[in-house]
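Below is one structure, written out as C-alpha coordinates, with a few remarks after it.
The values are calculated or read from the model by the stated rules, or taken from the named source; none is laboratory data. Just so it is clear, the model here is predicted, and its values are computed rather than measured. With ideal geometry, Cβ positions are generated from the backbone for all residues, glycine too; neighbour counts draw on all protein chains shown. Ligands, DNA and RNA are excluded from the accessible area calculation, which covers all protein heavy atoms including side chains. Shrake-Rupley method; radii C 1.70, N 1.55, O 1.52, S 1.80 Å.
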Amino acid sequence: MSGSVEHIRLVPGEVDLATLRTLYQQRVTLQLAEEAREAIDRAQATIGAIVASGNVVYGINTGFGKLAQTQIPPGRLAELQRNLVLSHSVGLGDLLPDNVTRLIMATKIISLARGHSGVRRELIDALLALFNAGVMPCIPAKGSVGASGDLAPLAHLSLMLLGEGQVRIDGQLLPAVEGLARAGLQPIVLGPKEGLALLNGTQVSTALALRGLFEAENLFAAGLMAGALSLEAIKGSVKPYDARIHEARGQPGQIAVAAAVSALLAGSHILHSHAHCGRVQDPYSIRCVPQVMGACLDNLCHAARVLQIEANAASDNPLVFSDSGDVISGGNFHAEPVAFAADIIALAIAEIGAISERRLALLLDAGLSGLPPFLVRDGGVNSGFMIAQVTAAALASENKSLAHPGSVDSLPTSANQEDHVSMATYAARRLHDMCFNTAAVVGIEAMAAAQGIDFHRPLQSSAAIEQEMQRIRQQVAFLDHDRLLAPDIESMRLWASRHAWPETLTALLPSQRSTVN
(Lines give C-alpha, C1' and ligand atoms only; values in the text may rest on other atoms or scores of the structure.)
Protein backbone atom coordinates (compact mmCIF):
# COMPACT_ATOMS: atom_id res chain seq x y z
CA MET A 1 0.00 0.00 0.00
CA SER A 2 1.73 3.19 -1.17
CA GLY A 3 1.18 6.81 -0.13
CA SER A 4 -0.74 8.12 2.85
CA VAL A 5 -3.84 6.16 3.78
CA GLU A 6 -6.77 7.62 5.69
CA HIS A 7 -7.47 6.05 9.06
CA ILE A 8 -11.10 5.55 10.11
CA ARG A 9 -12.37 4.81 13.61
CA LEU A 10 -15.54 2.71 13.53
CA VAL A 11 -18.16 3.31 16.21
CA PRO A 12 -20.75 0.55 15.61
CA GLY A 13 -24.21 2.03 15.17
CA GLU A 14 -22.87 5.51 14.36
CA VAL A 15 -21.04 5.17 11.02
CA ASP A 16 -22.30 7.84 8.62
CA LEU A 17 -22.70 7.92 4.84
CA ALA A 18 -19.66 10.13 4.31
CA THR A 19 -17.49 7.52 6.00
CA LEU A 20 -19.05 4.74 3.94
CA ARG A 21 -18.45 6.74 0.74
CA THR A 22 -14.79 7.17 1.73
CA LEU A 23 -14.54 3.40 2.29
CA TYR A 24 -15.96 2.88 -1.20
CA GLN A 25 -13.75 5.40 -2.97
CA GLN A 26 -10.34 4.67 -1.50
CA ARG A 27 -8.13 2.36 0.50
CA VAL A 28 -8.27 3.13 4.22
CA THR A 29 -7.34 1.48 7.48
CA LEU A 30 -9.90 0.74 10.17
CA GLN A 31 -9.85 0.78 13.95
CA LEU A 32 -12.71 -0.41 16.11
CA ALA A 33 -13.76 1.99 18.85
CA GLU A 34 -12.51 0.58 22.14
CA GLU A 35 -15.87 1.14 23.83
CA ALA A 36 -17.43 -1.47 21.53
CA ARG A 37 -15.35 -4.29 22.96
CA GLU A 38 -17.22 -4.64 26.24
CA ALA A 39 -20.51 -5.39 24.47
CA ILE A 40 -18.73 -7.93 22.24
CA ASP A 41 -17.29 -9.73 25.27
CA ARG A 42 -20.61 -9.77 27.16
CA ALA A 43 -22.45 -11.32 24.20
CA GLN A 44 -19.73 -13.95 23.74
CA ALA A 45 -19.90 -14.82 27.44
CA THR A 46 -23.66 -15.35 27.07
CA ILE A 47 -23.02 -17.85 24.28
CA GLY A 48 -20.38 -19.61 26.38
CA ALA A 49 -22.81 -19.95 29.28
CA ILE A 50 -25.44 -21.52 27.02
CA VAL A 51 -22.96 -24.06 25.67
CA ALA A 52 -21.81 -24.91 29.18
CA SER A 53 -25.39 -25.36 30.41
CA GLY A 54 -26.33 -27.76 27.63
CA ASN A 55 -29.49 -25.79 26.82
CA VAL A 56 -30.59 -26.19 23.22
CA VAL A 57 -30.59 -22.86 21.35
CA TYR A 58 -30.94 -22.42 17.58
CA GLY A 59 -27.70 -21.66 15.78
CA ILE A 60 -25.52 -22.47 18.76
CA ASN A 61 -25.98 -26.23 19.16
CA THR A 62 -28.56 -27.07 16.48
CA GLY A 63 -28.65 -27.53 12.75
CA PHE A 64 -29.74 -24.68 10.48
CA GLY A 65 -32.80 -23.76 8.44
CA LYS A 66 -35.01 -26.81 7.95
CA LEU A 67 -32.56 -28.80 10.10
CA ALA A 68 -33.02 -26.53 13.14
CA GLN A 69 -34.60 -29.35 15.16
CA THR A 70 -31.40 -31.42 15.04
CA GLN A 71 -29.34 -31.08 18.24
CA ILE A 72 -25.56 -31.08 17.84
CA PRO A 73 -23.34 -32.56 20.60
CA PRO A 74 -20.68 -30.25 22.17
CA GLY A 75 -17.80 -32.16 20.61
CA ARG A 76 -19.03 -31.36 17.09
CA LEU A 77 -19.84 -27.63 17.42
CA ALA A 78 -16.62 -26.49 15.71
CA GLU A 79 -17.26 -28.98 12.90
CA LEU A 80 -20.81 -27.63 12.62
CA GLN A 81 -19.63 -24.06 12.10
CA ARG A 82 -16.90 -25.02 9.63
CA ASN A 83 -19.29 -27.17 7.60
CA LEU A 84 -21.77 -24.32 7.51
CA VAL A 85 -19.23 -22.06 5.83
CA LEU A 86 -18.06 -24.71 3.39
CA SER A 87 -21.53 -25.91 2.38
CA HIS A 88 -22.81 -22.38 1.83
CA SER A 89 -19.91 -21.27 -0.39
CA VAL A 90 -21.83 -21.89 -3.61
CA GLY A 91 -21.67 -18.50 -5.36
CA LEU A 92 -20.67 -17.98 -8.96
CA GLY A 93 -20.05 -15.25 -11.49
CA ASP A 94 -17.55 -12.43 -11.59
CA LEU A 95 -15.83 -11.54 -8.33
CA LEU A 96 -17.07 -8.40 -6.63
CA PRO A 97 -14.53 -5.56 -6.97
CA ASP A 98 -12.40 -4.36 -4.09
CA ASN A 99 -14.39 -1.16 -3.50
CA VAL A 100 -17.56 -3.20 -2.88
CA THR A 101 -15.67 -5.81 -0.87
CA ARG A 102 -14.28 -3.10 1.40
CA LEU A 103 -17.85 -2.01 2.17
CA ILE A 104 -18.89 -5.62 2.81
CA MET A 105 -16.03 -6.27 5.23
CA ALA A 106 -16.48 -2.96 7.04
CA THR A 107 -20.23 -3.37 7.49
CA LYS A 108 -19.77 -6.97 8.66
CA ILE A 109 -17.28 -5.73 11.26
CA ILE A 110 -19.76 -3.06 12.35
CA SER A 111 -22.59 -5.58 12.63
CA LEU A 112 -20.57 -8.12 14.64
CA ALA A 113 -19.26 -5.37 16.91
CA ARG A 114 -22.76 -4.22 17.89
CA GLY A 115 -22.61 -6.84 20.64
CA HIS A 116 -25.61 -8.92 19.56
CA SER A 117 -23.78 -11.67 17.63
CA GLY A 118 -21.91 -13.53 20.36
CA VAL A 119 -18.61 -13.86 18.51
CA ARG A 120 -15.18 -13.56 20.06
CA ARG A 121 -13.37 -10.27 19.70
CA GLU A 122 -10.54 -12.28 18.09
CA LEU A 123 -12.78 -12.98 15.10
CA ILE A 124 -13.51 -9.27 14.59
CA ASP A 125 -9.83 -8.42 15.08
CA ALA A 126 -8.95 -10.94 12.36
CA LEU A 127 -11.32 -9.23 9.92
CA LEU A 128 -9.80 -5.86 10.83
CA ALA A 129 -6.26 -7.19 10.31
CA LEU A 130 -7.14 -8.62 6.91
CA PHE A 131 -8.85 -5.38 5.86
CA ASN A 132 -5.93 -3.23 6.96
CA ALA A 133 -3.46 -5.50 5.18
CA GLY A 134 -5.43 -5.11 1.95
CA VAL A 135 -6.40 -8.80 1.91
CA MET A 136 -9.77 -9.00 0.15
CA PRO A 137 -11.99 -12.10 0.05
CA CYS A 138 -12.97 -13.47 -3.34
CA ILE A 139 -16.76 -13.10 -3.40
CA PRO A 140 -18.70 -14.21 -6.50
CA ALA A 141 -21.42 -11.73 -7.44
CA LYS A 142 -24.29 -14.19 -7.89
CA GLY A 143 -26.06 -16.67 -5.63
CA SER A 144 -28.00 -14.76 -2.97
CA VAL A 145 -31.76 -14.21 -2.67
CA GLY A 146 -31.33 -11.72 0.17
CA ALA A 147 -33.06 -13.68 2.91
CA SER A 148 -31.46 -15.55 5.81
CA GLY A 149 -28.85 -13.00 4.93
CA ASP A 150 -26.53 -12.98 1.93
CA LEU A 151 -25.61 -16.56 2.73
CA ALA A 152 -23.51 -17.63 -0.25
CA PRO A 153 -21.47 -14.45 -0.73
CA LEU A 154 -20.84 -14.06 3.00
CA ALA A 155 -19.75 -17.70 3.15
CA HIS A 156 -17.14 -16.86 0.51
CA LEU A 157 -16.01 -13.95 2.69
CA SER A 158 -15.72 -16.33 5.64
CA LEU A 159 -13.67 -18.92 3.75
CA MET A 160 -10.53 -16.84 4.02
CA LEU A 161 -10.74 -16.93 7.83
CA LEU A 162 -10.60 -20.72 7.62
CA GLY A 163 -7.66 -20.62 5.21
CA GLU A 164 -9.82 -22.01 2.41
CA GLY A 165 -10.13 -20.77 -1.17
CA GLN A 166 -8.44 -17.66 -2.51
CA VAL A 167 -8.00 -14.01 -1.58
CA ARG A 168 -7.08 -10.96 -3.65
CA ILE A 169 -4.27 -8.56 -2.80
CA ASP A 170 -3.74 -5.58 -5.14
CA GLY A 171 -5.61 -7.47 -7.83
CA GLN A 172 -3.53 -10.65 -7.51
CA LEU A 173 -5.22 -13.93 -6.55
CA LEU A 174 -3.43 -15.87 -3.82
CA PRO A 175 -4.24 -18.87 -1.60
CA ALA A 176 -6.19 -17.79 1.48
CA VAL A 177 -3.51 -19.23 3.78
CA GLU A 178 -0.98 -16.87 2.22
CA GLY A 179 -3.38 -13.96 2.63
CA LEU A 180 -3.78 -14.79 6.31
CA ALA A 181 -0.01 -14.86 6.70
CA ARG A 182 0.27 -11.40 5.10
CA ALA A 183 -2.00 -10.16 7.90
CA GLY A 184 -0.05 -12.08 10.57
CA LEU A 185 -2.81 -14.65 11.07
CA GLN A 186 -3.32 -18.41 11.12
CA PRO A 187 -6.51 -20.19 9.98
CA ILE A 188 -9.26 -19.77 12.58
CA VAL A 189 -11.27 -22.52 14.24
CA LEU A 190 -14.75 -21.07 14.56
CA GLY A 191 -16.47 -21.09 17.93
CA PRO A 192 -20.18 -21.66 18.69
CA LYS A 193 -22.44 -19.50 16.51
CA GLU A 194 -19.52 -17.75 14.79
CA GLY A 195 -20.05 -19.31 11.38
CA LEU A 196 -23.74 -18.46 11.51
CA ALA A 197 -23.01 -14.89 12.63
CA LEU A 198 -20.65 -14.45 9.69
CA LEU A 199 -23.10 -15.84 7.12
CA ASN A 200 -26.32 -14.26 8.35
CA GLY A 201 -26.56 -10.57 7.55
CA THR A 202 -27.39 -8.14 4.77
CA GLN A 203 -23.91 -6.74 4.25
CA VAL A 204 -23.49 -7.79 0.60
CA SER A 205 -26.87 -6.41 -0.46
CA THR A 206 -26.20 -3.25 1.53
CA ALA A 207 -22.73 -2.76 0.06
CA LEU A 208 -24.02 -3.20 -3.48
CA ALA A 209 -26.87 -0.78 -2.81
CA LEU A 210 -24.43 1.75 -1.34
CA ARG A 211 -22.35 1.49 -4.50
CA GLY A 212 -25.51 2.18 -6.49
CA LEU A 213 -26.36 5.14 -4.25
CA PHE A 214 -22.91 6.72 -4.52
CA GLU A 215 -22.82 6.26 -8.30
CA ALA A 216 -26.37 7.62 -8.59
CA GLU A 217 -25.32 10.70 -6.60
CA ASN A 218 -22.58 11.36 -9.16
CA LEU A 219 -25.09 11.00 -11.98
CA PHE A 220 -27.59 13.26 -10.26
CA ALA A 221 -24.99 16.03 -10.12
CA ALA A 222 -23.99 15.36 -13.72
CA GLY A 223 -27.64 15.40 -14.80
CA LEU A 224 -28.22 18.82 -13.23
CA MET A 225 -25.09 20.20 -14.87
CA ALA A 226 -26.08 18.73 -18.25
CA GLY A 227 -29.58 20.16 -17.86
CA ALA A 228 -28.16 23.63 -17.18
CA LEU A 229 -25.90 23.30 -20.24
CA SER A 230 -28.87 22.31 -22.40
CA LEU A 231 -30.98 25.20 -21.12
CA GLU A 232 -28.24 27.57 -22.22
CA ALA A 233 -27.78 25.81 -25.54
CA ILE A 234 -31.44 26.26 -26.54
CA LYS A 235 -31.63 29.72 -24.92
CA GLY A 236 -34.32 28.42 -22.62
CA SER A 237 -36.21 30.33 -19.96
CA VAL A 238 -35.22 30.42 -16.28
CA LYS A 239 -38.63 31.68 -15.19
CA PRO A 240 -39.80 28.12 -14.31
CA TYR A 241 -36.94 28.03 -11.77
CA ASP A 242 -38.36 30.95 -9.79
CA ALA A 243 -38.25 29.94 -6.11
CA ARG A 244 -41.82 31.05 -5.53
CA ILE A 245 -43.16 28.35 -7.83
CA HIS A 246 -41.41 25.58 -5.92
CA GLU A 247 -42.12 26.92 -2.46
CA ALA A 248 -45.81 26.97 -3.38
CA ARG A 249 -45.62 23.20 -3.86
CA GLY A 250 -43.34 22.52 -0.92
CA GLN A 251 -41.43 19.45 -2.11
CA PRO A 252 -37.93 19.82 -0.60
CA GLY A 253 -35.98 18.20 -3.44
CA GLN A 254 -37.76 20.34 -6.02
CA ILE A 255 -37.00 23.53 -4.08
CA ALA A 256 -33.32 22.56 -3.73
CA VAL A 257 -32.88 21.64 -7.40
CA ALA A 258 -34.46 24.89 -8.66
CA ALA A 259 -32.15 26.88 -6.41
CA ALA A 260 -29.07 24.91 -7.50
CA VAL A 261 -29.73 25.30 -11.24
CA SER A 262 -30.46 29.01 -10.75
CA ALA A 263 -27.13 29.35 -8.94
CA LEU A 264 -25.28 27.57 -11.75
CA LEU A 265 -26.72 30.01 -14.31
CA ALA A 266 -26.30 33.21 -12.29
CA GLY A 267 -24.49 35.88 -14.29
CA SER A 268 -24.95 34.23 -17.69
CA HIS A 269 -24.66 36.58 -20.67
CA ILE A 270 -26.45 34.02 -22.81
CA LEU A 271 -29.49 34.30 -20.55
CA HIS A 272 -29.32 38.10 -20.66
CA SER A 273 -29.11 38.06 -24.47
CA HIS A 274 -32.66 36.70 -24.82
CA ALA A 275 -34.27 38.11 -21.68
CA HIS A 276 -37.02 39.79 -23.73
CA CYS A 277 -37.41 37.24 -26.52
CA GLY A 278 -41.01 36.44 -25.63
CA ARG A 279 -40.33 32.73 -25.16
CA VAL A 280 -43.21 31.48 -22.99
CA GLN A 281 -42.73 27.76 -22.43
CA ASP A 282 -39.97 25.24 -22.98
CA PRO A 283 -40.61 21.50 -23.32
CA TYR A 284 -40.98 19.64 -20.03
CA SER A 285 -37.46 18.18 -20.18
CA ILE A 286 -36.18 21.74 -19.64
CA ARG A 287 -39.04 23.37 -17.76
CA CYS A 288 -39.69 20.53 -15.29
CA VAL A 289 -36.12 19.74 -14.26
CA PRO A 290 -36.84 20.84 -10.67
CA GLN A 291 -39.94 18.64 -10.46
CA VAL A 292 -38.32 15.53 -11.99
CA MET A 293 -34.82 15.80 -10.58
CA GLY A 294 -36.18 17.02 -7.24
CA ALA A 295 -38.25 13.85 -6.96
CA CYS A 296 -35.13 11.84 -7.79
CA LEU A 297 -33.23 13.67 -5.06
CA ASP A 298 -35.95 13.03 -2.46
CA ASN A 299 -35.93 9.34 -3.31
CA LEU A 300 -32.14 9.13 -3.13
CA CYS A 301 -32.27 10.80 0.29
CA HIS A 302 -34.84 8.28 1.52
CA ALA A 303 -32.79 5.36 0.22
CA ALA A 304 -29.66 6.84 1.81
CA ARG A 305 -31.35 7.00 5.20
CA VAL A 306 -32.41 3.33 4.95
CA LEU A 307 -28.95 2.20 3.86
CA GLN A 308 -27.15 4.16 6.57
CA ILE A 309 -29.33 2.43 9.17
CA GLU A 310 -28.74 -0.97 7.58
CA ALA A 311 -24.98 -0.47 7.36
CA ASN A 312 -24.98 -0.07 11.16
CA ALA A 313 -27.48 -2.85 11.87
CA ALA A 314 -27.21 -6.11 13.78
CA SER A 315 -28.69 -8.31 11.06
CA ASP A 316 -27.62 -11.86 11.86
CA ASN A 317 -29.72 -14.48 13.67
CA PRO A 318 -30.30 -15.38 16.44
CA LEU A 319 -29.44 -12.18 18.32
CA VAL A 320 -27.89 -12.11 21.76
CA PHE A 321 -29.20 -9.76 24.45
CA SER A 322 -26.61 -10.15 27.16
CA ASP A 323 -28.32 -7.91 29.72
CA SER A 324 -31.05 -10.54 30.12
CA GLY A 325 -29.13 -13.55 28.84
CA ASP A 326 -31.71 -14.07 26.10
CA VAL A 327 -30.86 -15.40 22.65
CA ILE A 328 -33.81 -14.70 20.37
CA SER A 329 -34.40 -16.02 16.86
CA GLY A 330 -35.98 -13.48 14.53
CA GLY A 331 -35.53 -12.29 10.96
CA ASN A 332 -33.25 -9.23 10.79
CA PHE A 333 -31.38 -10.99 7.99
CA HIS A 334 -34.36 -10.45 5.66
CA ALA A 335 -33.17 -7.69 3.35
CA GLU A 336 -36.53 -6.22 2.32
CA PRO A 337 -35.55 -2.69 3.44
CA VAL A 338 -32.44 -2.90 1.25
CA ALA A 339 -34.44 -4.28 -1.69
CA PHE A 340 -36.92 -1.41 -1.47
CA ALA A 341 -34.08 1.12 -1.21
CA ALA A 342 -32.34 -0.39 -4.23
CA ASP A 343 -35.56 -0.29 -6.25
CA ILE A 344 -36.06 3.38 -5.34
CA ILE A 345 -32.48 4.16 -6.43
CA ALA A 346 -33.16 2.31 -9.69
CA LEU A 347 -36.15 4.54 -10.41
CA ALA A 348 -34.03 7.64 -9.85
CA ILE A 349 -31.21 6.37 -12.09
CA ALA A 350 -33.67 5.54 -14.85
CA GLU A 351 -35.38 8.93 -14.66
CA ILE A 352 -32.12 10.91 -14.61
CA GLY A 353 -31.28 9.15 -17.89
CA ALA A 354 -34.78 9.39 -19.34
CA ILE A 355 -35.10 13.17 -19.00
CA SER A 356 -31.51 13.62 -20.16
CA GLU A 357 -32.21 11.66 -23.36
CA ARG A 358 -35.25 13.86 -24.03
CA ARG A 359 -33.15 17.01 -23.68
CA LEU A 360 -30.62 15.51 -26.08
CA ALA A 361 -33.38 14.87 -28.61
CA LEU A 362 -34.53 18.47 -28.16
CA LEU A 363 -31.04 19.81 -28.86
CA LEU A 364 -30.90 17.93 -32.17
CA ASP A 365 -34.33 19.10 -33.36
CA ALA A 366 -33.68 22.36 -35.19
CA GLY A 367 -37.36 23.27 -35.10
CA LEU A 368 -37.36 23.30 -31.27
CA SER A 369 -33.78 24.20 -30.38
CA GLY A 370 -33.02 26.91 -32.92
CA LEU A 371 -29.67 25.21 -33.48
CA PRO A 372 -28.31 23.60 -36.67
CA PRO A 373 -29.89 20.20 -37.37
CA PHE A 374 -28.09 17.50 -35.40
CA LEU A 375 -25.69 20.19 -34.14
CA VAL A 376 -23.37 20.16 -37.12
CA ARG A 377 -22.68 22.46 -40.03
CA ASP A 378 -22.97 21.19 -43.59
CA GLY A 379 -25.71 18.73 -42.62
CA GLY A 380 -26.31 15.95 -45.11
CA VAL A 381 -22.64 15.43 -45.72
CA ASN A 382 -22.29 15.37 -41.93
CA SER A 383 -24.69 13.47 -39.62
CA GLY A 384 -23.44 15.15 -36.45
CA PHE A 385 -24.99 13.81 -33.25
CA MET A 386 -27.78 11.90 -35.01
CA ILE A 387 -26.68 8.40 -34.09
CA ALA A 388 -25.22 9.37 -30.72
CA GLN A 389 -28.84 10.09 -29.76
CA VAL A 390 -29.79 6.59 -30.96
CA THR A 391 -27.22 5.15 -28.54
CA ALA A 392 -28.65 7.28 -25.74
CA ALA A 393 -32.18 6.13 -26.59
CA ALA A 394 -31.09 2.48 -26.54
CA LEU A 395 -29.47 2.85 -23.12
CA ALA A 396 -32.38 4.81 -21.63
CA SER A 397 -34.76 2.15 -22.91
CA GLU A 398 -32.62 -0.66 -21.48
CA ASN A 399 -32.83 1.02 -18.09
CA LYS A 400 -36.61 0.88 -18.23
CA SER A 401 -36.39 -2.91 -18.12
CA LEU A 402 -33.66 -2.92 -15.49
CA ALA A 403 -35.74 -0.59 -13.30
CA HIS A 404 -38.40 -3.29 -12.83
CA PRO A 405 -38.46 -3.78 -9.04
CA GLY A 406 -36.50 -6.74 -7.74
CA SER A 407 -38.37 -6.61 -4.43
CA VAL A 408 -41.64 -7.86 -5.95
CA ASP A 409 -40.00 -11.15 -6.87
CA SER A 410 -39.72 -14.05 -4.45
CA LEU A 411 -38.90 -17.72 -4.84
CA PRO A 412 -39.05 -20.02 -1.77
CA THR A 413 -35.88 -21.80 -0.64
CA SER A 414 -34.78 -24.31 2.02
CA ALA A 415 -37.77 -26.62 1.65
CA ASN A 416 -40.19 -23.69 2.13
CA GLN A 417 -38.68 -22.70 5.48
CA GLU A 418 -37.55 -19.52 3.74
CA ASP A 419 -40.80 -19.05 1.88
CA HIS A 420 -40.49 -15.33 1.14
CA VAL A 421 -37.22 -13.74 0.07
CA SER A 422 -36.24 -10.16 -0.76
CA MET A 423 -34.05 -10.49 -3.88
CA ALA A 424 -32.17 -7.49 -2.49
CA THR A 425 -28.80 -8.69 -3.76
CA TYR A 426 -29.93 -8.67 -7.38
CA ALA A 427 -31.92 -5.46 -6.86
CA ALA A 428 -28.75 -3.76 -5.63
CA ARG A 429 -26.30 -5.40 -8.03
CA ARG A 430 -28.15 -4.30 -11.18
CA LEU A 431 -27.77 -0.64 -10.18
CA HIS A 432 -24.18 -0.66 -11.45
CA ASP A 433 -25.28 -1.54 -15.00
CA MET A 434 -28.00 1.09 -14.84
CA CYS A 435 -25.48 3.73 -13.74
CA PHE A 436 -23.22 2.83 -16.65
CA ASN A 437 -26.11 3.40 -19.04
CA THR A 438 -27.26 6.67 -17.51
CA ALA A 439 -23.70 8.02 -17.32
CA ALA A 440 -23.38 7.50 -21.07
CA VAL A 441 -26.73 9.18 -21.75
CA VAL A 442 -25.94 12.20 -19.58
CA GLY A 443 -22.43 12.41 -21.03
CA ILE A 444 -23.77 12.48 -24.59
CA GLU A 445 -26.26 15.18 -23.63
CA ALA A 446 -23.54 17.32 -22.06
CA MET A 447 -21.33 16.91 -25.13
CA ALA A 448 -24.20 17.95 -27.38
CA ALA A 449 -25.14 20.87 -25.14
CA ALA A 450 -21.55 22.11 -25.17
CA GLN A 451 -21.71 21.98 -28.95
CA GLY A 452 -24.88 24.05 -28.87
CA ILE A 453 -23.36 26.66 -26.52
CA ASP A 454 -20.35 27.00 -28.81
CA PHE A 455 -22.72 27.95 -31.64
CA HIS A 456 -23.65 31.01 -29.56
CA ARG A 457 -20.11 32.35 -29.29
CA PRO A 458 -18.85 34.94 -28.52
CA LEU A 459 -21.63 35.04 -25.90
CA GLN A 460 -20.51 33.68 -22.55
CA SER A 461 -22.53 31.72 -20.00
CA SER A 462 -22.05 31.96 -16.23
CA ALA A 463 -18.71 31.40 -14.53
CA ALA A 464 -19.82 27.95 -13.32
CA ILE A 465 -21.00 26.86 -16.76
CA GLU A 466 -17.94 28.23 -18.53
CA GLN A 467 -15.70 26.34 -16.11
CA GLU A 468 -17.57 23.15 -16.96
CA MET A 469 -17.31 23.96 -20.67
CA GLN A 470 -13.53 24.09 -20.28
CA ARG A 471 -13.57 20.72 -18.56
CA ILE A 472 -15.67 19.23 -21.35
CA ARG A 473 -13.45 20.68 -24.04
CA GLN A 474 -10.47 19.07 -22.33
CA GLN A 475 -12.24 15.76 -22.98
CA VAL A 476 -13.80 16.29 -26.40
CA ALA A 477 -13.29 18.81 -29.20
CA PHE A 478 -15.97 20.81 -30.98
CA LEU A 479 -17.54 18.68 -33.74
CA ASP A 480 -16.85 20.68 -36.91
CA HIS A 481 -17.27 17.62 -39.12
CA ASP A 482 -18.08 13.93 -38.68
CA ARG A 483 -15.48 11.90 -36.83
CA LEU A 484 -15.30 8.73 -34.75
CA LEU A 485 -17.47 9.59 -31.73
CA ALA A 486 -17.23 6.37 -29.69
CA PRO A 487 -14.05 7.49 -27.84
CA ASP A 488 -15.67 10.87 -27.12
CA ILE A 489 -18.77 9.17 -25.72
CA GLU A 490 -16.63 7.04 -23.41
CA SER A 491 -14.75 10.14 -22.25
CA MET A 492 -18.04 11.86 -21.50
CA ARG A 493 -19.39 8.79 -19.72
CA LEU A 494 -16.42 9.09 -17.38
CA TRP A 495 -17.10 12.84 -17.07
CA ALA A 496 -20.62 12.05 -15.84
CA SER A 497 -19.37 9.33 -13.46
CA ARG A 498 -16.94 11.49 -11.52
CA HIS A 499 -17.54 12.46 -7.91
CA ALA A 500 -15.94 15.94 -7.98
CA TRP A 501 -18.62 18.55 -8.78
CA PRO A 502 -19.20 22.20 -7.82
CA GLU A 503 -20.30 22.64 -4.23
CA THR A 504 -23.63 23.97 -5.49
CA LEU A 505 -24.36 20.39 -6.59
CA THR A 506 -22.52 18.27 -4.03
CA ALA A 507 -24.28 20.10 -1.19
CA LEU A 508 -27.50 18.41 -2.35
CA LEU A 509 -26.15 14.86 -2.13
CA PRO A 510 -27.09 12.76 0.91
CA SER A 511 -23.59 11.36 1.44
CA GLN A 512 -22.17 14.90 1.49
CA ARG A 513 -24.54 16.18 4.16
CA SER A 514 -23.97 16.09 7.91
CA THR A 515 -27.43 14.53 8.34
CA VAL A 516 -29.79 12.65 6.04
CA ASN A 517 -33.42 13.69 6.35
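The distance between label points at F478 and E38 comes to 6.9 nm (points 7 Å beyond Cα on the Cα→Cβ vector). Seen against the Cα atoms of the chain and their longest principal axis, helix 98-112 is set at about 50 degrees. Please state, rounded to one decimal and in Å, the Kirkwood hydrodynamic radius that the range 464-517 gives when every pair of distinct Cα atoms enters the mean of 1/r. With all distinct Cα pairs of the range 464-517 included, I get 13.3 Å. Taking each residue as 0.36 nm, the span from E14 to R121 lengthens on full extension beyond its C-alpha to C-alpha distance by 36.6 nm. Straight-distance candidates among the lysines for linking to K108, with alpha-carbon spacing under 16 Å and chain neighbours fewer than 8 residues away dropped: K193.
Of the residues A427, Q460, L508, the one whose Cα sits farthest toward the positive end of the charge dipole of the chain, with +1 on the Cβ of Lys and Arg and -1 on the Cβ of Asp and Glu, is Q460. If you plug the beta carbon distance of C288 and D419 into 1/(1 + (r/R0)^6) with R0 = 60 Å, you get a FRET efficiency near 0.90. Mean residue ellipticity at 222 nm, helices only, the chain: -17500 deg cm²/dmol; runs of at least 4 DSSP H residues each add -39,500 (n - 2.57), and the sum is divided by the number of residues.
For the range 38-113 versus the range 371-425, the spacing of their alpha-carbon centroids is 39 Å.
Only protein heavy atoms count here; under a 1.4 Å probe, H481 has an accessible surface of about 100 Å². Can you send over the carbon and sulfur percentage of the accessible area for the chain, probe radius 1.4 Å, protein chains only? Carbon-and-sulfur percentage of accessible area, whole number: 53. Each of A500 and Q281 was given a label point 7 Å from its Cα along the Cα-to-Cβ line. The distance between the two points is 4.2 nm. Rg and Dmax, both from the Cα atoms of the range 401-508 and both in Å, are 20.6, 71.
The residues neighbouring R358, those whose beta-carbon lies less than 11 Å from its own, together hold a net charge of -3 under the Lys/Arg +1, Asp/Glu -1 convention. Direction-averaged projected area, Cα convex hull, the range 85-230: 10.0 nm², rounded to one decimal.
Separation of the range 308-369 from the range 249-299 is 27 Å, based on Cα centroids.
Each 10 Å bin from zero holds the following percent of Cα-Cα pairs in the chain: 4, 18, 26, 21, 15, 10, 5, 2, 0.
What is the gain in length, in nm to one decimal, between E398 and S491 on full extension, counting 0.36 nm per residue of separation less the C-alpha to C-alpha distance? Gain on extension, E398 to S491, equals 31.4 nm.
Ordering Q26, L185, L112 by Cα displacement along the dipole of the range 13-200 toward the positive end leaves L112 in first place; charges were set at the Cβ atoms of Lys, Arg (+1) and Asp, Glu (-1).
Charge dipole of the chain (Cα centre as origin; +1 on each Lys and Arg Cβ, -1 on each Asp and Glu Cβ, all else neutral): 280 debye, rounded to the nearest 20. Applying 1/(1 + (r/R0)^6) with R0 = 41 Å to the Cβ-Cβ distance of Q172 and A52 gives a FRET efficiency near 0.40. Within straight-line reach of K400, meaning a Cα separation under 29 Å, sit the following lysines at least 8 residues removed in sequence or on another chain: K142.
At a Förster distance of 35 Å, what's the computed FRET efficiency of I309 paired with S273, Cβ-Cβ distance as r, to 0.05? Calculated value: 0.10. Out of every Cα-Cα pair that the range 1-132 contains, those further apart than 22 angstrom amount to 49 percent. Simple rule: put +1 on each Lys or Arg Cβ and -1 on each Asp or Glu Cβ in the chain, find the dipole, and look at L95, L265, L128; the Cα lying farthest toward the positive end is L265. Near L459, within a Cβ-to-Cβ distance under 12 Å, what is the net charge of the other residues, with Lys and Arg +1 and Asp and Glu -1? Surrounding charge for L459 is -1.
What angle, in degrees between 0 and 90 and rounded to the nearest 10, separates the Cα long axis of helix 289-311 from the longest principal axis of the Cα atoms of the chain? Here the helix axis deviates by roughly 10 degrees.
Helix 463-475 and the longest principal axis of the C-alpha atoms of the chain enclose an angle of approximately 80°. Taking only alpha carbon atoms, the range 133-214 gives an Rg to Rh ratio of 0.99, where Rh is the Kirkwood radius.
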